[in-house]
Amino acid sequence: KILKENNLEQILVEDAFRNAEMYFKNLNLNDYQRGYFIDLYINAEKWDEADNLINQNKEKNTFYYQRICKIKRGKKSYCEALKNINFAIKDINKTPKFKRYLNAMYNDKAEVFYETHKYSKAILNLNKTIELLKTNGHDDELLEKKSDTKIIENKIFYHVKDLSEANLRSKRVSNLIFDIVRPNKIIAENAILNNERYVWGELFITSSKN
C-alpha cells in the first residue's frame, strides 16, 4: 500500500505483494490471523483469491461479513454485498466492544449504494458515518471551536488528502474527484489569472443534505 500510494514502479508493488503472500502462505493461520491475509487480497483487488480464502473461516462475525461485502462489491455482486454489510451492522449491534467500528460499516454500505447509483441512499449512510464519528469524539481536528461544528451540520464532508494519481486508483474516489475537477481543465497559473477554481494539494468537498 505504501509503494502504491507513493506511485512507485508497478514491479516493486507486485514484488512486495508476492513476498507478503508467500509469508502468509507459510503460516498456520487461525480465523483472526487469516483476516490480514484476506485484507491483502482485497487491497490488491484479487477478489477470487480473497473469496476462496474467506471460505476457510469458521467464525462468522462482524468483520467476516464486512470483508464479504468488500469482496462481493469488488466482484460487482451488489445484492450480496448489501446483504452482508447488513449482517455486519446487525451483528455489531450485539457486540458492544465492536461498536466503535460501526461508522466503517455504514461507510462500506454507502459505497455499495454509490456504485449502484443510488446516491440518496449513499448520502444517508455517509451522514450516519459522520454522526457516529462525531459521537465517538472524532470530529475533524480542524474544527477547533465547538461552534464551528455548525459548519458541517447536516452536511456531507469529504477530505481528500492527496490528489496524486496513486491515490486515485479507487474508482469511486477517482470518479468523485474528476466530476468536480473536470470543468476546469486549465493549468494552475491560468486558474489564478482567470479567477477560476483550481484544485491543488488537498481537497475539501462539502454539500447539503439534499
- [ ] For LYS97, LYS118, write out the residues from largest to smallest accessible area, computed with a 1.4 angstrom probe and no ligands counted.
- [x] LYS97, LYS118
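Can you tell me the FRET efficiency between ASP39 and GLN10 if r is taken as the Cβ-Cβ distance and R0 is 25 Å, rounded to the nearest 0.05?
Efficiency at R0 = 25 Å is approximately 0.75.
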TODO: First compute the accessible area of the stretch 22-144 with a 1.4 Å probe, then give the percent of it belonging to carbon and sulfur atoms.
DONE: 50
- [ ] Once you've got the Cα coordinates, tell me which of LYS1/LYS97; LYS1/LYS58; LYS72/LYS97; LYS46/LYS109 are over 22 Å apart.
- [x] LYS1/LYS97; LYS1/LYS58; LYS72/LYS97
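Could you provide, to the nearest whole Å², the per residue accessible area of the stretch 27-134 with probe 1.4 Å?
Here the per-residue accessible area is 55 Å².
The values are calculated or read from the model by the stated rules, or taken from the named source; none is laboratory data. Everything numeric in this text was worked out from a predicted model, so none of it was measured. Ideal geometry is used to build each Cβ from the backbone, glycine not excepted, and the neighbour counts take in all protein chains shown. Ligands, DNA and RNA are excluded from the accessible area calculation, which covers all protein heavy atoms including side chains. Shrake-Rupley method; radii C 1.70, N 1.55, O 1.52, S 1.80 Å.
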